[in-house]
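Take a look at the structure below.
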C-alpha cells in the first residue's frame, strides 16, 4: 500500500512542479521569436541598457559594496533564495527583468509565467543575455545559468516549462531587478 501511495505521489509531481502552465494558451515558435527580438519595446522610456559584451568584472570587495548580502550570496556564491520569498514572483506588469548585479536585461515580462515553484520563471530569455554551464553539485546534472555581462548566478534551466520551448528558466528573484515599461 505504501508503494502505491508513493507511486501515485510521484506521478502527480509534474502537475505540482510546473506542468499546469502546459495547459495554458499555447505559444508558437514565431511568438517566441517576436518576444526575443521585440523586448526593447518594454524598456522604460529613455533607458539605454548595457550590452552583454561590455563585461563587468569587480573584486569580491567591490561586489559586497554594490550588492546586498542576499544578492551577494546568490549572484557571487551561487546561492539560492527560499521559494515564495521574492516579490518578483508575483510581478505582472509589463517591463524588463535585469540582472541585479549589472543591469543587463535578461528577460521581458512577456517571457514570464507562473510555474508554481515559488521562483520567478521564464520560458525563454533575451538572446545573448545568459550563459549556461553544467552543475553537478547535488549528485545529478543540472543546467545553471549566469548573466553574460557580470557572470552573476541567476538560477537553473529545466525542461518542464510550457510549449513550444518546454523550458523553465527558474530565477532567484533577489538576482533580478524589474523595470516597468513606460
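What's the total number of residues in segment 112-123 that are crowded, with 22+ Cβ neighbours inside 10 Å and touching a helix residue (DSSP H, G or I) at 6+ places or on another chain (Cβ under 7 Å)?
5
Would you check if residue 90 is touching a helix residue (DSSP H, G or I) at 6+ places or on another chain (Cβ under 8 Å), surrounded by fewer than 18 Cβ atoms within 10 Å (Cβ to Cβ) and within 24 Å of residue 180 (Cα to Cα)?
no
From the residues in segment 167-182 that are part of a loop (DSSP other than H, G, I, E, B) and more than 14 Å from the chain's Cα centre (by Cα), which one is farthest from residue 105 (Cα to Cα)?
182
Taking the condition surrounded by fewer than 21 Cβ atoms within 10 Å (Cβ to Cβ), in contact with a helix residue (DSSP H, G or I) (Cβ under 7 Å, 6 or more places away or on another chain) and either within 30 Å of residue 26 (Cβ to Cβ) or at pLDDT 95 or above (or both), does residue 81 pass?
So residue 81 passes the test.
Filter segment 14-36 down to the residues that are surrounded by 11 or more Cβ atoms within 10 Å (Cβ to Cβ) and either assigned to a helix (DSSP H, G or I) or at pLDDT 95 or above (or both) and list them by number. Let's see the steps before the verdict.
Going residue by residue through segment 14-36, those that are surrounded by 11 or more Cβ atoms within 10 Å (Cβ to Cβ) are 14-22, 24, 27, 31-36.
Passing the criteria: 14, 15, 16, 20, 21, 22, 31, 32, 33, 34, 35, 36.
Out of the residues in segment 134-155 meeting the condition of being assigned to a strand (DSSP E or B) and at pLDDT 90 or above, tell me which one is farthest from residue 63 (Cα to Cα).
143
Tell me which residues, restricted to segment 40-72, are assigned to a helix (DSSP H, G or I), within 19 Å of the chain's Cα centre (by Cα) and within 25 Å of residue 113 (Cα to Cα).
40, 42, 70, 71
Go through segment 73-90 and count every residue that is farther than 12 Å from residue 101 by Cβ, assigned to a helix (DSSP H, G or I) and touching a strand residue (DSSP E or B) at 6+ places or on another chain (Cβ under 6 Å).
1
Test residue 145 against the criterion of being closer than 24 Å to residue 82 by Cβ and in contact with a strand residue (DSSP E or B) (Cβ under 7 Å, 6 or more places away or on another chain), and give yes or no.
So residue 145 passes the test.
For the condition surrounded by 18 or more Cβ atoms within 10 Å (Cβ to Cβ), at pLDDT 95 or above and either in contact with a helix residue (DSSP H, G or I) (Cβ under 9 Å, 6 or more places away or on another chain) or closer than 16 Å to residue 149 by Cβ (or both), what is the one hit in 106, 58?
106
The values are calculated or read from the model by the stated rules, or taken from the named source; none is laboratory data. All of these numbers come straight from a predicted model, not from anything done at the bench. Don't worry about glycine lacking a Cβ; one is built from the backbone with ideal geometry, like all the others, and counts go over all protein chains shown.
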